[in-house]
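The values are calculated or read from the model by the stated rules, or taken from the named source; none is laboratory data. In this text the structure is predicted, and so the values were computed from the model without any measurement. Here the Cβ positions follow ideal geometry from the backbone for every residue, glycine too, while neighbour counts run over all protein chains shown. Protein only, heavy atoms only, side chains kept; ligands, DNA and RNA dropped before computing areas. Shrake-Rupley method; radii C 1.70, N 1.55, O 1.52, S 1.80 Å.
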Amino acid sequence: MRIACLGGGPAGLYFAISMKLRDPAHEVDLFERNRADDTFGWGVVFSDQTVENLLANDPVSGATIRDEFAHWDDIEVHIHGETIRSSGHGFIGIGRKRLLRILQDRARDLGVNLHFEHEASARLEDWAGYDLVIAADGANSRIRTAYAEHFGVDIQVRRNKFFWFGTEKVFEAFTFAFEETEAGWIWAHAYRFDEGFSTFIVETSPETWAKLGLDRMDQGEAIALCERIFARYLDGRPLLSNAAHLPGPQAWLTFRRIVCATWHYRNLILLGDAAHTAHFSIGSGTKLALEDAIKLAEVLNRPGLGREEALAEYQAERNLEVLKLQNSARNSTEWFETLERYLHFEPIQFAYSLLTRSQRVSHENLRLRDRPWLEGVERWFQSKAVGTPVNDPAPPMFAPYRLRDMRLANRIVVSPMAMYSAQDGMPNDFHLVHYGTRAQGGAGLVYTEMTCVSAEGRISPGCTGMYAPEHVAAWKRIVDFVHANTDARICLQLGHSGPKGSTKVGWEGNDAPLEAGNWPVIAASEVPWSAANQMPRAMTRADMDAILAQFVAAVSMGEEAGFDMVELHAAHGYLLSSFISPLSNRRTDEYGGSLANRLRFPLEVFAAMRAAWPVEKPMSVRISATDWMGEAGVTPDEAVRIGEAFAEAGADLIDVSAGQTWAEARPVYGRMFQTPFADRIRNEARVATMAVGNIYEPDHANSILAAGRADLVALARPHLIDPMWTLRSAAAQGHRGVRVPPQYLNGMEQLARNLARDAEFKA
Ligand SMILES: Cc1cc2nc3c(=O)[nH]c(=O)nc-3n(C[C@H](O)[C@H](O)[C@H](O)COP(=O)(O)OP(=O)(O)OC[C@H]3O[C@@H](n4cnc5c(N)ncnc54)[C@H](O)[C@@H]3O)c2cc1C
Ligand SMILES: Cc1cc2nc3c(=O)[nH]c(=O)nc-3n(C[C@H](O)[C@H](O)[C@H](O)COP(=O)(O)O)c2cc1C
């Protein structure tokens with residue numbers, strides 16, 4: 001094949017090498033606009049795994065690269081005058097110039113025709129003599145831009161400013177240095193890439209950048225300022241720029257996240273940064289470029305594979321890898337864009353939050369990397385939780401927690417789940433066994449299902465209620481069992497179904513109206529849940545008074561039944577949620593319009609409940625932190641204000657759910673998918689939060705808690721199948737400080753022994 005490679009960065013060079021290695025008969029011309037030695041940037045970092053991939057593809061250049069890498073294991077985080085150092089991270093760094101030189105030499109040896117100082121044309125007609133044209137011309141690819149409509153290019157410009165400096169100061173650890181100036185925070189990512197040089201990327205928000213005057217300074221002034229700010233890390237070494245030709249402000253870059261729907265058009269193929277970018281803070285751009293090159297060369301040379309099939313396989317496989325990395329990179333980018341949220345953390349937690357920011361590294365990954373450090377974090381977490389120094393490390397999920405006078409033995413919560421098994425609102429033997437078993441399972445706190453404040457406020461005829469004296473006695477039987485037989489506390493979730501009421505039990509059709517015997521429903525406005533559901537009646541002030549009185553009465557009954565805590569359900573499209581979401585609230589009075597107006601009635605209800613509930617007992621509120629409808633619905637920004645408003649009204653905990661407020665919503669699911677909202681509300685509104693939503697591993701819970709993303713972790717579906725989830729997790733983690741019902745001790749001991757033996761065997 002005759003191949004033209006446009007661009008002589010890592011992608012272009014390594015693709016040329018990989019093609020020649022597979023078939024020396026390929027004729028490869030590579031065109032690079034710069035001279036061989038001119039390049040932007042300083043060093044790049046890889047993981048050990050990337051080097052293994054390079055060695056497998058080309059042992060010759062792989063070995064040279066491996067032998068020249070600067071290797072280090074430690075990460076240092078400097079914040080608030082403290083240094084937090086952890087180890088085992090396994091990075092390697094190399095100068096970009098040196099990497100390119102190694103690849104150029106290898107390409108030349110293999111017979112690639114290298115044409116430097118050759119500006120490649122962005123018109124496909126000019127490459128008519130070639131079978132394939134490889135666009136390896138980087139993030140600003142001209143040829144991709146020329147054919148953008150065929151590639152479905154999506155470019156997102158991120159907000160922070162950064163400058164890629166070099167310095168002769170040799171950093172022994174990957175260093176993150178955070179400095180506070182009068183204008184705000186500014187920080188550096190620094191790492192050694194050879195014996196005498198380090199990369200030193202300075203990053204800050206656009207606001208701080210402008211306040212520092214960097215938007216007006218020439219490069220000399222900017223460098224002098226950065227040298228002053230980071231003087232204590234640089235030991236008098238200057239910061240070096242290799243973008244000297246640019247006016248000062250332009251040498252500061254903003255990251256552009258690039259995604260392409262299609263990676264080829266006719267015989268033009270995108271490779272490396274031309275196809276996709278990953279934020280520098282996870283250091284994976286060069287890795288992706290090199291691995292793209294390997295895969296593309298592999299499929300193009302596979303016997304019997306046609307070009308279209310080959311390219312389809314190239315994109316399908318690489319795209320998956322790229323999407324995973326871009327997801328992690330997005331989390332990491334956002335962490336740096338919102339780091340002010342975490343500046344109130346103690347340095348050790350700040351460092352933990354930084355290390356787990358991309359969500360690729362979890363609590364257990366950190367244990368594998370540096371057990372003593374991780375155990376230090378666990379001791380710190382436990383000590384904070386109990387209020388005195390603790391010597392033995394324990395998983396964060398087993399730290400106690402206090403809300404007013406209620407003490408929880410641990411941070412795991414059985415999330416509210418409707419069981420649709422009551423009659424006339426009465427909990428029965430099913431509920432006794434169901435809640436009793438889950439409380440025996442070791443969770444610190446068990447929520448009841450949404451228990452309704454009136455018969456008409458039920459979702460279905462199977463919902464439990466708290467509106468008749470016999471309900472109090474039935475619930476008291478369950479609460480008494482939990483208190484007598486377990487360490488768990490029990491919280492009563494109270495709600496009113498509003499526009500989603502009068503429907504079938506869950507397994508007969510979620511949100512589907514009853515076949516017969518429907519009752520009229522009410523809501524903030526005349527907006528039905530779906531075309532199949534009833535048109536609700538918009539509430540009058542008299543309705544509001546009646547509903548408020550029902551909630552207050554239910555709270556008093558909850559107290560009589562002995563509950564430890566009460567939650568107001570203001571999420572998921574039910575009555576109070578129908579006021580909060582602008583999609584379902586179309587009112588023009590003081591209960592509609594602005595967020596303050598939409599919150600007015602839910603807050604009134606909450607305040608009245610709070611007044612009726614004993615002051616020493618805590619209350620929470622469940623909210624939907626987004627309607628998953630963009631700006632048209634509740635946004636995560638608004639959710640922070642919603643959390644603040646309920647906290648001011650006396651909520652001790654915000655139970656952060658999302659969605660189920662609008663039938664056409666498009667939620668984005670994934671592991672721990674709602675946790676970012678709990679994190680944001682907790683650390684911006686500074687109120688305790690509970691995370692929920694596809695959290696199913698002890699590792700998830702520990703990571704969320706130790707990183708300060710939430711205070712409690714609720715699991716719903718995992719508890720349906722495994723009421724003993726918490727005890728099982730304790731056994732799996734070798735944690736003994738959990739109360740096991742004495743009747744079940746033998747089982748717990750045997751499980752712990754077997755799991756420990758399995759773990760030893762695997763190791
Ligand atoms: C601040 C910063 C730090 C980074 N740190 C890391 C890191 O630690 N680890 C990591 O893996 N990645 C890192 N990256 C990303 C990394 O630099 C890129 O992902 C990687 O270089 C992509 O390789 P590429 O060959 O696709 O593109 P590039 O390296 O951009 O190469 C494209 C080449 O094409 C040439 N070219 C462009 N247009 C033309 C034309 N019309 N004619 C001829 N030649 C042309 C350019 O001169 C260039 O040499 C970082 C990036 C930045 C901005
Ligand atoms: C069967 C079932 C019933 C539920 N009922 C309620 C409920 O009554 N009140 C509530 O706030 N959430 C309810 N939810 C939502 C859960 O509390 C939880 O937020 C959701 O299932 C996500 O958590 P998970 O991924 O751990 O299941 C219910 C979920 C399920 C699966």
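Data for the structure
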quantity	calculated
Considering only the chain, percent of DSSP beta bridges that pair antiparallel, nearest 5	50 percent
Heavy-atom surface of the chain, accessible at 1.4 Å and reported per residue (Å²)	39 Å²
Cβ-based charge dipole, the chain, positive-most Cα from 444, 621, 669	444
Cα gyration tensor shape for region 44-156, rounded if a/c is under 1.5, else prolate or oblate	oblate
Region 485-595 shape via C-alpha gyration tensor axes, a/c threshold 1.5	oblate
Alpha-carbon radius of gyration plus Dmax, which is the widest Cα pair, for region 612-763 in Å	18.4, 56
Debye intensity ratio I(q)/I(0), log10, the chain, q values 0.05, 0.09, 0.10 Å⁻¹ (C-alpha model)	-0.32, -0.94, -1.07
Global geometry of region 177-260, whether rounded, prolate or oblate, following the gyration tensor of its Cα atoms and the 1.5 cut on a/c	rounded
Fraction in percent of alpha-carbon pairs per bin - 10 Å, region 112-173	14, 35, 24, 20, 8, 0
Cα long-axis angle, helix 307-337 against the chain (0 to 90 degrees, to the nearest 10)	60 degrees
Using alpha-carbon coordinates, inclination of helix 636-648 to the longest axis of the chain, degrees	40 degrees
Compactness relative to 2.2 N^0.38 Å, alpha carbon Rg of region 365-422	1.51
Pairs from 97/324; 500/617; 97/287; 476/617; 161/287; 476/500 whose Cα-Cα separation, in the structure shown, is over 19 Å	97/324; 500/617; 161/287; 476/500
Portion, in percent, of the accessible area of region 432-590 that falls on carbon or sulfur, probe 1.4 Å	56 percent
Distance between region 576-600 and region 723-763 - C-alpha centres, whole angstrom	49 Å
D (Stokes-Einstein, µm²/s), Kirkwood Cα radius, region 409-494, 1.567 mPa s at 4 °C	102 µm²/s
Pair residue 228, residue 696: separation of 7 Å Cα→Cβ label points (nm)	5.5 nm
Mean Cα-pair separation over length for region 599-716, i.e. relative contact order, pairs under 8 Å, 6 or more apart, %	23 percent
Mean-position separation - Cα centroids, region 121-152 and region 155-230, in angstrom	34 Å
Set of lysines near residue 20 by C-alpha distance (under 18 Å), chain-local residues within fewer than 8 positions excluded	295
Stretchable slack from residue 364 to residue 597, in nm (0.36 nm times residue separation minus alpha-carbon distance)	79.4 nm
Radius of gyration and Dmax over the Cα atoms of region 395-436, both given in Å	14.5, 42
Carbon/sulfur fraction of accessible area - region 638-763, other protein chains in place, 1.4 Å, %	50 percent
FRET efficiency estimate (nearest 0.05) - Cβ-Cβ, residue 404 to residue 473, R0 25 angstrom	0.45
Region 243-359 - percent of accessible surface contributed by carbon and sulfur, probe 1.4 Å	52 percent
Around residue 369: net Lys/Arg minus Asp/Glu count, Cβ-Cβ under 13 Å	-2
Region 561-670, Rg to Rh (Cα coordinates; Rh as Kirkwood inverse mean 1/r)	0.98
Sequence-distant aspartates and glutamates (8 or more away, or on other chains) whose Cα lies within less than 16 Å of residue 762	364
Label-point gap, in nm, between residue 756 and residue 346 - each point 7 angstrom along Cα→Cβ	2.9 nm
Gain upon complete extension [residue 519, residue 637; 0.36 nm per residue less C-alpha separation]	38.9 nm
Theoretical gain in end-to-end length, residue 115 to residue 507 [0.36 nm per residue, Cα-Cα removed]	134.4 nm
Cα centroid separation, region 231-272 to region 554-568 (Å)	58 Å
Stokes-Einstein D in µm²/s, Kirkwood radius over Cα pairs - region 50-92 at 10 °C with 1.306 mPa s viscosity	131 µm²/s
Relative contact order computed over the chain (Cα-Cα under 8 Å; 6+ residues apart), in percent	9 percent
Relative compactness, region 675-725, computed as alpha-carbon Rg over 2.2 N^0.38 Å	1.14
Dipole magnitude of the chain about its Cα centre (Cβ charges: Lys, Arg +1; Asp, Glu -1), debye to nearest 20	560 debye
Crossing angle, helix 745-762 versus the chain [Cα axis fit, 0-90 degrees, rounded to tens]	10 degrees
Quotient of C-alpha Rg and 2.2 N^0.38 Å, computed over region 80-121	2.09
Kirkwood hydrodynamic radius of region 289-398, from inverse mean 1/r over distinct Cα pairs, in Å	17.2 Å
Whole-number percent relative contact order across region 104-252, with pairs defined as alpha carbons under 8 Å at least 6 apart	20 percent
Label-to-label distance, nm, for residues given as residue 150 and residue 307 (7 Å Cα→Cβ offset)	1.1 nm
